[in-house]
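As structure tokens, the structure follows; a few thoughts come after it.
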């Protein structure tokens, strides 16, 4: 198994990663319905602030993560937000998720980020156990705010 970072030439592998996310999270609606075209994916894969790692075994994507580098304004530093992490069912409990996170931590150090942070859902005991093993737990609340059209002032 090897872990590597995706780049602009890895559109097909990115599509494989999204398929893995859809299966692992049982969420075709998010990961398979409105798939972007190749030009969109190529542009995103070329951005340094988007970190996409895959674990491959025998030419197959068996794990992966998506993270985003976030520049801060209160101090001259960055944080990295680990957004998605998944391992194929038939490859779990082999240290793949840990290996992916360790590679992300190395990238964080290379970029000078001061922290990597990740959220886990209550009830997702495997994720909570993994993140507890690797980091310090903080109990926070998360809110999704819907985008809202700007008022034209003519109402």
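Residue-by-condition table, conditions (1) modelled with pLDDT of 75 or more; (2) assigned to a loop (DSSP other than H, G, I, E, B); (3) closer than 23 Å to residue 78 by Cα:
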site	(1), (2), (3)
116	yes, no, yes
140	no, yes, yes
148	yes, yes, no
152	yes, yes, no
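Only one of the listed residues (8, 36) is at pLDDT below 95 and in a loop (DSSP other than H, G, I, E, B). That residue is 36. Can you tell me which residue in the range 120-139 is farthest from residue 86 (Cα to Cα), limited to those that are in contact with a helix residue (DSSP H, G or I) (Cβ under 8 Å, 6 or more places away or on another chain) and surrounded by 10 or more Cβ atoms within 10 Å (Cβ to Cβ)? Looking at the filtered set, the residue picked out is 134.
Looking across the range 91-115 at every residue that is farther than 20 Å from residue 131 by Cβ and in contact (Cβ under 8 Å) with a residue 12 or more places away in the chain, the one that is farthest from the chain's Cα centre (by Cα) is identified as 112. Within the span defined as the range 88-109, every residue fails to be closer than 19 Å to residue 27 by Cα, modelled with pLDDT of 95 or more and in a strand (DSSP E or B). The sole residue among 69, 74 that is surrounded by fewer than 17 Cβ atoms within 10 Å (Cβ to Cβ) and either modelled with pLDDT under 95 or outside any helix (DSSP H, G or I) (or both) is 74. Within the range 1-29, residues that are closer than 25 Å to residue 48 by Cβ reach partners that are assigned to a loop (DSSP other than H, G, I, E, B) and at pLDDT 95 or above with beta carbons closer than 8 Å, at six or more positions or on different chains, in the pairs 7/46; 8/46; 13/6; 14/6; 17/6; 20/88. Being touching a residue at least 60 places away in the same chain (Cβ under 8 Å), in contact with a helix residue (DSSP H, G or I) (Cβ under 6 Å, 6 or more places away or on another chain) and assigned to a strand (DSSP E or B) is a property that residue 55 lacks.
The values are calculated or read from the model by the stated rules, or taken from the named source; none is laboratory data. Keep in mind that this is a model prediction, so the values were computed, not measured. Neighbour counts run over all protein chains shown; Cβ positions are idealised from the backbone, glycine included.
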